[in-house]
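A.B. asks: Let me give you the structure first, and then I'll get to my questions.
FYI, it's all coordinate maths here, none of it is from the lab. Keep in mind the model is a prediction, meaning the values are calculated, not measured. Backbone-built Cβ (ideal geometry, glycine too); neighbour counts: all protein chains shown.
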């Protein structure tokens, strides 16, 4: 079977980062230390995760979380290597992970090309936040922020607004750094025993939601409260 060849653009310089007691921190060339976008958005799910762990028990919760994390990391790495045109992208891949990726590949091959960045660090001085974006590329011919996820079950849009805020943050950070506007966000989710789910959003719509969460995070974890216009 012939595989698609993806066209790539330039790369971005990396920030430095490390994990602290307060979560992951990114350090900018100017010396600022910003929380990661996932750390900021983590305040949205903390209560729900605690309740779930109490409901199913710590042993079951740990097993499910570990399996989900490993599977998500593995499938994400396949997507990355495949889009990077690596000849050995299939080597060492477990059959279950390959099966999930192949469901996603039907969408990837058809809709993604002209890759600008993969796995690059982006930061926003305005939002005082940073993170590592999955992919910025053309999606159906329009420059987009693309996020790859995996799930044991089908998702509803109202369940994953945190994902939408995450890609919206990356669009904002990308604009600050490059001057290029991105208004399209894509969340592509591989789902067990189902076709992949494809959520397409207007990043401008969810940016204000992210700003509100960022302000709340500042109130909870930082010495100074910040307010965004």
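A.B. asks: Give me the distance in nm between label points sitting 7 Å out from Cα along the Cα-to-Cβ direction at residue 176 and residue 86, one decimal.
C.D. replies: Each label point lies 7 Å from its Cα, and together they span 3.0 nm.
A.B. asks: What is the spin-label model distance, in nm, from residue 154 to residue 212 if the labels are put 7 Å beyond Cα along the C-beta direction?
C.D. replies: Here the answer is 2.8 nm between the modelled labels.
A.B. asks: Could you tell me which of rounded, prolate or oblate describes region 16-221, using a ≥ b ≥ c as the square roots of the eigenvalues of the alpha-carbon gyration tensor, with rounded for a/c under 1.5 and, failing that, prolate when a/b is larger than b/c and oblate otherwise?
C.D. replies: On the way: a/c = 1.55, a/b = 1.10, b/c = 1.42.
Oblate, because a/c is 1.5 or more while a/b does not exceed b/c.
A.B. asks: Same structure, new question: Can you say what percent of the DSSP beta bridges in region 16-221, counting only those with both residues inside, are antiparallel? Round to 5.
C.D. replies: Numbers: 28 of 37 bridges.
Counting only bridges with both partners in region 16-221, antiparallel ones make up about 75 percent.
A.B. asks: What number, in percent, do you get for the relative contact order of region 98-166 if the mean sequence gap of Cα pairs under 8 Å and at least 6 apart is divided by its residue count?
C.D. replies: Working: 67 pairs, mean separation 16.1, N = 69.
Taking the mean separation of contacting Cα pairs over the length of region 98-166, I get 23 percent.
A.B. asks: Moving on. Quick one: 19, 103, fewest Cβ neighbours within 10 Å first, how do they rank?
C.D. replies: Numbers: 19 10, 103 15.
Arranged by neighbour count, lowest to highest, 19, 103 become 19, 103.
A.B. asks: Would you mind calculating the gained length between residue 227 and residue 126 on full extension (0.36 nm times residue separation, minus the Cα-Cα distance), in nm to one decimal? Please list the in-between numbers first.
C.D. replies: Working: separation 101, 0.36 × 101 = 36.36 nm, distance 1.03 nm.
Going from the current span to full extension adds 35.3 nm.
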